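J.: Starting off with a structure, shown below.
The values are calculated or read from the model by the stated rules, or taken from the named source; none is laboratory data. The shown structure was predicted, so the numbers you read here are calculated from the model rather than taken from an experiment. Every residue, glycine as well, gets a Cβ built from its backbone with ideal geometry; the counts of neighbours run over all protein chains shown. Accessible surface is based on the protein model in full, side chains and every heavy atom, while ligands, DNA and RNA are left aside. Shrake-Rupley method; radii C 1.70, N 1.55, O 1.52, S 1.80 Å.
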Amino acid sequence: MRRAYESVEAAYAKQGVAPQWPVSLVVENMPIMGATQSRVGVGHLIHVSLRAARSDMLAGLVAHEMGHIARTEARHPSHNPAIHDHAIARVSVPAGFRRGFPRLAHAAINHVEDIYADDYAIAVIGTDRTRSFFAEWVGNAAATVASGT
């Protein structure tokens, strides 16, 4: 875990976007491969699933999560909750859809954040490894859906 993180952090530093806030990592049993929580002035917490920690995709996952960190620290619009809230507030949602809209909007925002995070991650893990990383990610996602977790 440490080796993967240090390697990815060095690659981000080479790009000039190494984390400035403290970063902590935790490996835990969770249904998704990973996630990052960021709080201004406190730092970042990267959650890594046990499955990811034991797989060949660990460095790719850390690179992806570090992409979120880089975008968050840069206050990129894709990772700015104030911009998300403002955009959602401006959407006119018919009454029959209001209950489900927040979940749908959150999922859409997560996808956009992932695309921007992967702009950095793909450069870090390299295009030759990107194909296998995403193939394993899709396989893990399908396994999660099939198992019902």
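J.: If ILE32 passes every condition in (1) closer than 18 Å to ARG2 by Cα; (2) surrounded by fewer than 14 Cβ atoms within 10 Å (Cβ to Cβ); (3) touching a residue at least 24 places away in the same chain (Cβ under 8 Å) but one, which one does it miss?
T.: Against the list (1) closer than 18 Å to ARG2 by Cα; (2) surrounded by fewer than 14 Cβ atoms within 10 Å (Cβ to Cβ); (3) touching a residue at least 24 places away in the same chain (Cβ under 8 Å), ILE32 comes up short only on (1).
J.: Which of the residues spanning region 1-16 are under 28 Å from ALA82 (Cβ atoms) and either in contact with an Asp or Glu (Cβ under 8 Å, 6 or more places away or on another chain) or among the charged types (D, E, K, R) (or both)?
T.: Across region 1-16, the qualifying residue is only GLU9.
J.: Taking only region 84-109 into account, find how many residues are within 18 Å of the chain's Cα centre (by Cα) and open to solvent by 60 Å² or more (accessible area, probe 1.4 Å).
T.: 3
J.: Hey, another quick one. What number goes with the only condition from (1) in contact (Cβ under 8 Å) with a residue 60 or more places away in the chain; (2) in contact with an Asp or Glu (Cβ under 9 Å, 6 or more places away or on another chain); (3) more than 21 Å from ILE125 (Cα to Cα) that GLY60 does not pass?
T.: Condition not satisfied by GLY60: (3).
J.: Scanning for something closer than 27 Å to MET1 by Cα and modelled with pLDDT under 90, does region 105-112 turn up at least one residue?
T.: The answer is no; no qualifying residue exists.
J.: With respect to THR72, is the statement that it is modelled with pLDDT of 95 or more, farther than 14 Å from TYR5 by Cβ and open to solvent by less than 80 Å² (accessible area, probe 1.4 Å) true?
T.: Yes: the conditions hold for THR72.
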